[in-house]
Amino acid sequence: MKIIKKLKKVKSFLTDKEFANAKNLSHVERLKSPVRTEIINFLLTLTDCNNYLEIGVRDPRNNFDKINCPNKYSVDPELEFKSNQVDFKYTSDEFFSKLKNNELKKIDNTIKFDVVFIDGLHISSQVEKDIINSMHYLKENGFIVLHDCNPPTIHHQREDYQFINSPAGILWNGTTWKAFYKFRHHKDFNSICFDTDWGVGVLTKRNLLSFNKLSETIDNNYFEYSILDEKRKQHLNLIDFNYWKKELINLNS
Ligand SMILES: C[S@@+](CC[C@H](N)C(=O)[O-])C[C@H]1O[C@@H](n2cnc3c(N)ncnc32)[C@H](O)[C@@H]1O
């Protein structure tokens, strides 16, 4: 009897529309290209390409090691991948506090980065702090890049990443999109979200092709997922990276 009950439960998971939809959209997302690394490397070519900072590194072979920049710095409390040797084994808050107070050996508080890649704790309040702190150390023509800005379902943007019985399974984008959406209203920044690799959001002071900002009035005051889902193209400024890159190169040639 118990086994039959269990089988019925498994069958209901497999036929549940939410589960099927999340599985399908996860698959679609995984087929998209390029990944974040190619985008960051291209953005670096638009800068002086001198200093790169990555917040949240995990296994450096996945992204950090493949970034083409002479001076690269990594920050991670090494919660998930202990064998990584990061430059700064701190949370991002600790790192920025030490940087401000000139307590770090490798760099001092006059440093400016060409690109800061924020991919640490994917909770909107933390991402907001990471963005604000990064702004202080960003070159005028630099870029802040954020991973996981375009969750395909409400389950991918759940707050608790340890809850793996949701239709998204172990896949987790967290609530980064809320911080990105908020900064899409910032008066000094223009932004875009490349529609690949779970949404690669970019903030910059520059006025680059297709980058824009939202009006100061936030029309998703309560950061409802259903509103993001309905208006994601406009609210995130979602664009295909390969198309954008081609247009940008054509414009400048
Ligand atoms: C999604 S992984 C990073 C993946 C990597 N950037 C890549 O592109 O392959 C998130 C990392 O953020 C780190 N992390 C968690 N909380 C953090 C915090 N408060 N500050 C900085 N990093 C944090 C974790 O230890 C983990 O290694």
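Annotations for the structure displayed:
- In the set (1) open to solvent by 40 Å² or more (accessible area, probe 1.4 Å); (2) part of a loop (DSSP other than H, G, I, E, B), the condition left unmet by Cys149 is number (1).
For every residue, the table says whether it meets (1) surrounded by fewer than 19 Cβ atoms within 10 Å (Cβ to Cβ); (2) touching a residue at least 12 places away in the same chain (Cβ under 8 Å); (3) not acidic (Asp, Glu).
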| site | (1), (2), (3) |
| --- | --- |
| Val202 | no, yes, yes |
| Asn207 | yes, yes, yes |
| Leu214 | no, yes, yes |
| Glu224 | yes, no, no |
| Arg232 | no, yes, yes |
| His235 | no, yes, yes |
| Leu238 | yes, yes, yes |
| Tyr243 | yes, no, yes |
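- Some residue of the stretch 136-145 being small (Gly, Ala, Ser), within 13 Å of the ligand (Cβ to nearest atom) and open to solvent by less than 30 Å² (accessible area, probe 1.4 Å): no
- The stretch 155-176, subset under 18 Å from Val200 (Cα atoms) and outside any helix (DSSP H, G or I), residue most open to solvent (accessible area, probe 1.4 Å): Trp172
- With respect to being in contact (Cβ under 8 Å) with a residue 12 or more places away in the chain and part of a loop (DSSP other than H, G, I, E, B), Lys182 falls outside the description.
- Flag for Tyr161 being within 16 Å of the ligand (Cβ to nearest atom) and either touching a Phe, Trp or Tyr at 6+ places or on another chain (Cβ under 7 Å) or within 25 Å of Arg30 (Cβ to Cβ) (or both): yes
- All conditions but one from (1) within 18 Å of the chain's Cα centre (by Cα); (2) assigned to a strand (DSSP E or B); (3) over 19 Å from Asp197 (Cβ atoms) apply to Ser134; the one that does not is (2).
- Spans of helices (runs of 4 or more DSSP H) in the stretch 1-98 with at least 3 residues open to solvent by 80 Å² or more (accessible area, probe 1.4 Å) and out of contact with any Cys (no Cβ under 7 Å at 6 or more places or on another chain): 2-15, 17-31
- For the stretch 99-128, filtering for residues that are part of a helix (DSSP H, G or I) and more than 9 Å from the ligand (Cβ to nearest atom) leaves 6.
- Listed conditions (1) more than 15 Å from the ligand (Cβ to nearest atom); (2) modelled with pLDDT of 95 or more; (3) on the phi < 0 side of the Ramachandran plot are all met by Ser12, apart from (2).
- Top-ranked residue of the stretch 190-200 - restricted to ones that are open to solvent by less than 10 Å² (accessible area, probe 1.4 Å) and not in a strand (DSSP E or B), ranked as nearest to Asp219 (Cα to Cα): Gly199
The values are calculated or read from the model by the stated rules, or taken from the named source; none is laboratory data. This is a predicted model, so every value here is computed, not measured. All Cβ positions, glycine included, derive from the backbone under ideal geometry; neighbour counts span all protein chains shown. Remember, those area values only see protein heavy atoms, side chains included, never the ligands or the DNA or RNA. Shrake-Rupley method; radii C 1.70, N 1.55, O 1.52, S 1.80 Å.
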